[in-house]
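**Q** Have a look at this one before I ask anything.
The values are calculated or read from the model by the stated rules, or taken from the named source; none is laboratory data. Being a predicted model, the structure only gives us computed values, none of them experimental. So basically every Cβ, Gly included, is an ideal-geometry build from the backbone, and we count neighbours across all protein chains shown.
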Amino acid sequence: MKETLLMVSLYYVVIYTGWEFMRKRQPFKLNTLFMAHNFILTAISAALLVLFLEQLIPSLWKHGLYSCICQDAGWTDHLVTLYYVRIEPQCYLAV
C-alpha cells in the first residue's frame, strides 16, 4: 500500500508542477522525435513479420493449417523465440 500511495502522489506532483511550469510557455515541438520513434517501431514490426512469415509459410505448405496450430509443426524453437520477442515489450508496458 505504501508503494502505491507513493507512486500516485508522485504522479500528481509531476502532473501539477509540470502544468504550472508550462502554463505560460510554448509547447515543445517533438514531431521529429515522434516520427523517428514511429519509424523505428514500424521497422521492427516489419522485421518481425518477415521472420514469422519465413518460418510459417514453409510449415503451412508442408504440414497444413491444422498441424501448424495443434501439433508440433507450429511450435518450433525459432517460432517460440519469435513469440517471446513479440510478447515481451507488452509485458513491460503493463507494469
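**Q** Can you tell me which of (1) assigned to a helix (DSSP H, G or I); (2) over 30 Å from Thr76 (Cβ atoms); (3) of a type in the set (D, E, K, R) is the one Lys62 doesn't meet?
**A** Result: Lys62 fails condition (2) only.
**Q** Further question on the same structure: For the range 1-21, give me each residue that is aromatic (Phe, Trp, Tyr) and under 24 Å from the mean Cα position of the chain (by Cα).
**A** Filtering the range 1-21 down to residues aromatic (Phe, Trp, Tyr) leaves 11-12, 16, 19, 21.
Result: Tyr11, single match.
**Q** Quickly run through the range 1-30 and pick out the residues that are within 30 Å of Arg86 (Cβ to Cβ) and modelled with pLDDT under 90.
**A** Passing the criteria: only Leu30.
**Q** Moving to a separate point now. Please indicate, with yes or no, whether at least one residue in the range 22-41 is surrounded by 10 or more Cβ atoms within 10 Å (Cβ to Cβ) and over 27 Å from the mean Cα position of the chain (by Cα).
**A** Yes, the conditions are met somewhere in the range 22-41.
**Q** Please count how many residues of the range 46-74 are of a type in the set (Phe, Trp, Tyr) and surrounded by fewer than 13 Cβ atoms within 10 Å (Cβ to Cβ). Working first, answer last.
**A** Just the residues of the range 46-74 that are of a type in the set (Phe, Trp, Tyr), to begin with: 52, 61, 66.
Keeping just the survivors that are surrounded by fewer than 13 Cβ atoms within 10 Å (Cβ to Cβ) gives 61, 66.
Going through the range 46-74 one residue at a time, the tally reaches 2.
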